[in-house]
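Everything on this sheet refers to the single structure shown next.
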Amino acid sequence: MTAKRVTFKLNGVTLEAPEGQLVIEAAKAAGVEIPHYCYHPALGNPGNCRLCVVEVAGAPKPMVSCRTQVREGLEVYTDSEPARRAQASSLELHLVNHPLDCPVCDQSGECGLQDYYMKFGRYDSQVREAKEHKRKRLEIGPHVMLDQERCVLCTRCTRFTEKITKTSELGIFGRGHKEFVDLAPGQRLDNAYSGNTVDLCPVGALTDKDFRFKVRVWYLDQTPSICADCSRGCNVSLHTNTKRPWHDEGRRLARVKPRHNPEVNQWWLCDEGRYGFKKFDEDRLGRVMRLIPYRRELAWETALDELASELRRELEALGPEGLAVVASGALSNEDWAAFKAFFVDALGCKRFLFAPQPDQLGIEDDLLRRKEKVPNLEGGKALGFGSAVASLSWERLEADLEAGKIWGLYLIERDAARFWGAKASALLSKPRLVVWQGPWKGRTGELAHFRLPATAHIEEDGHFTNFEGRIQAYQKALEPLGQARPDWSIFEGLRQRLGAAQKAAR
Amino acid sequence: MAATVATVRRPERTLATRIYLIEVFRGLVVTTRHLLVNLYRHARRALGLGGPAGAVTIQYPEDPARLGARARTRHRLLKRDDGSPRCTACLLCETICPARCIRITAEDSPVEVVEKRAKTFQIDLGLCVFCGYCAEACPVDAIHMDANKVELSTYTRADLIWDMAELMDDKPKRPSLPSLHP
């Protein structure tokens, strides 16, 4: 059903919009910003912040644009003198009890009160009364800090816990100027999506515990990316701090925020995806190493030459049946294509293992989280590795390794040693050649013959295919660490060396 | 950052400048004028007739430098009445600093109303351009540029970095020693 389209006037300009659309939405579509706190497309329009007031021709007083619907012949003014005065007065009321502790508030720089004061306020305060003080610095959950003084009581957070997570941990208590937001008795804000309340909060009332006092937001650069922590492929924005490395304990990635995509994640991001970013600055590989027969650092060219010649020698002597490849769904589509060209087309390898380990499976729910905690199993399946998922199981691989049937093991980003635990070093000492390729060192990185540093997805451009088959691009947010290079370029380097040798042999 | 290059043309050397003697006499005229003007001014003042003061040579460094009342000198971090640092680590000085010589990291303050305080606070005087923006930007009046110290030279660049205790005069600045490996 399509709504009837009607014409109405916004600031004197005649526009067309579906009948019944909210004026605030119609204005946004026309590029006119109306200040607002309580209204959110996903959370409804309680109309309690009174900031989106506009002048409507014929109406005796200002109307809230988040509860006024577009109708034929409606005339709205968002920037007339009465409208501007009404908006500024609303803002002044919001700031009556606000502590104005912007210097110590993590929200400053991205705060609704600061932004709207500069755009729509600019009044001289008439308030002479003492401010109402409430409780500050409350840890209301594992990820969120609450400051009741800074709250503008827009109820976005309470409506989020009520409508989206349906957990209702937060509520509004008290009346009048003593009203405050707080946890419901006996509750803690510990649902799997609690971080979203921080994004929703237009002011500094709810802030990230993880990000607290780490970096000022104006030092951060933003890069559009895709979350790689499950197969949903939520759209995210990576906030990186590279210009002032002394902040945030030297971490390059400071925080992850969701990007709106109505078809994938809407406005949300789960806490696993939001707070799992520290791994990108921990235990990373930056140097190409050969550990066996003796430990040395190598240049890429030397390492690829040595590895290619050893692969060729073993292949000719023992055949491709003894080469097992373990990969994870963390490879991009570009990596998968090069992976196929190298392992299947050039080497003729038949033993692949992609099945997620138990540690790669997690909780699934009906909002965002998926069971497979890797981003791109689907991209591999699209290239024909779907059936190969079953060709080798973890038990089978273990048995074959013990029986000595495998001469070569190529592990890509799957830290098998951590999974195998105590028997890992015995298992990994059996093959004549063990290659570890990935962004992290892990335990396998200490037991392999070759250790090849690959970039993490935040350090390269590429595409992931999510569980629905949706292909999404991500962008390079940071420079690769040390010698690290994308997985596809490693496969391609090896393939070219083997191909050249085969040609020469012919 | 790419350096910009400005080409400055040297003044052309005419016959008059190449002879040199004329230029020497022009210089002597200037010197003599200063001598006579200052002699006249000092003499007037000595006779109690007033008038503008004559120039005086200050025997710096034997005599201390005379600084203006509003001279911007080395930074000082101020304290509250209870002795704790005033700084709340808002990072506005670090943000405004055009030389990027201030480095602050923050932590939670044990006092609830203060909420945030500096964990580390460093100023690299080797980078500082003494513009005074940091003192201007500070919302809590925690940083001043009025230590009235201008002799800040050190033997190594690292010694030019002052930390929080040193800027608050809680700890004397470690004396700089010549580096063994320059």
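Take the conditions (1) surrounded by 23 or more Cβ atoms within 10 Å (Cβ to Cβ); (2) aromatic (Phe, Trp, Tyr); (3) within 14 Å of chain B (Cβ to nearest Cβ); A:Trp246 misses just one of them, which is (1). In region A:151-169, the qualifying residues are those that are hydrophobic (A, V, I, L, M, F, W, C) and touching a strand residue (DSSP E or B) at 6+ places or on another chain (Cβ under 6 Å), and the one that is farthest from A:Leu51 (Cα to Cα) is A:Cys157. If the condition is being in a loop (DSSP other than H, G, I, E, B) and of a type in the set (Val, Ile, Thr), then region B:1-37 contributes B:Thr4, B:Val5, B:Thr7, B:Val8, B:Thr14. All of (1) among the hydrophobic types (A, V, I, L, M, F, W, C); (2) without any contact (Cβ under 8 Å) to a residue 60 or more places away in the chain; (3) over 21 Å from A:Trp246 (Cβ atoms) hold for B:Cys90 with one exception: (3). Go through region B:93-113 residue by residue and tally those that are surrounded by fewer than 17 Cβ atoms within 10 Å (Cβ to Cβ), more than 9 Å from every other protein chain (Cβ to nearest Cβ) and either touching a residue at least 12 places away in the same chain (Cβ under 8 Å) or hydrophobic (A, V, I, L, M, F, W, C) (or both). Residues meeting the conditions: 4. Among the residues of region B:135-156, those identified as more than 14 Å from chain A (Cβ to nearest Cβ), closer than 27 Å to A:Phe213 by Cα and surrounded by 14 or more Cβ atoms within 10 Å (Cβ to Cβ) are B:Ala135, B:His144, B:Met145.
Taking the criterion of being in contact (Cβ under 8 Å) with a residue 24 or more places away in the chain, outside any loop (DSSP other than H, G, I, E, B) and among the aliphatic types (A, V, I, L, M), the residues of region A:166-196 that qualify are A:Leu170, A:Val181, A:Leu183.
Taking A:Asn48, is it in a loop (DSSP other than H, G, I, E, B), in contact with a helix residue (DSSP H, G or I) (Cβ under 7 Å, 6 or more places away or on another chain), of a type in the set (S, T, N, Q) and in contact (Cβ under 8 Å) with a residue 24 or more places away in the chain?
So A:Asn48 fails the test.
Run down B:Asp81, B:Asp146 and say which single residue is in contact (Cβ under 8 Å) with a residue 60 or more places away in the chain and assigned to a loop (DSSP other than H, G, I, E, B).
Working: B:Asp81 fails: in contact (Cβ under 8 Å) with a residue 60 or more places away in the chain.
After applying the criteria, what remains is B:Asp146.
Can you confirm whether region A:88-106 contains a residue that is within 14 Å of chain B (Cβ to nearest Cβ), buried (at least 21 other Cβ atoms within 10 Å of the Cβ) and not β-branched (Val, Ile, Thr)? Yes, that holds for at least one residue. Among the residues in region A:209-226, are any in contact with a Gly (Cβ under 7 Å, 6 or more places away or on another chain) and more than 14 Å from chain B (Cβ to nearest Cβ)? Yes, region A:209-226 contains a residue that is in contact with a Gly (Cβ under 7 Å, 6 or more places away or on another chain) and more than 14 Å from chain B (Cβ to nearest Cβ).
Scanning region A:192-212 turns up one or more residues that are within 19 Å of the chain's Cα centre (by Cα) and among the aromatic types (Phe, Trp, Tyr).
Answer yes or no as to whether A:Cys38 is part of a loop (DSSP other than H, G, I, E, B), at pLDDT 95 or above, buried (at least 21 other Cβ atoms within 10 Å of the Cβ) and in contact with a strand residue (DSSP E or B) (Cβ under 8 Å, 6 or more places away or on another chain). Judged against the criteria, A:Cys38 is not a match.
Just one of the listed residues (B:Thr57, B:Thr73) is among the β-branched types (Val, Ile, Thr) and farther than 30 Å from B:Glu136 by Cα, namely B:Thr57.
Within the set A:Gly499, A:Gly469, the sole residue that is assigned to a loop (DSSP other than H, G, I, E, B), farther than 21 Å from A:Leu353 by Cβ and modelled with pLDDT under 95 turns out to be A:Gly469. Across region B:114-130, the number of residues qualifying as among the β-branched types (Val, Ile, Thr) and more than 9 Å from chain A (Cβ to nearest Cβ) comes to 2. Among the residues of region B:160-182, the one identified as in contact with a Lys or Arg (Cβ under 7 Å, 6 or more places away or on another chain) and either loosely packed, with under 14 Cβ neighbours inside 10 Å or closer than 12 Å to B:Gly126 by Cβ (or both) is B:Trp162.
The values are calculated or read from the model by the stated rules, or taken from the named source; none is laboratory data. Please read all numbers here as calculations on a predicted model, not as lab measurements. No Cβ is skipped: glycine too gets one built from the backbone with ideal geometry, and neighbour counts run over all protein chains shown.
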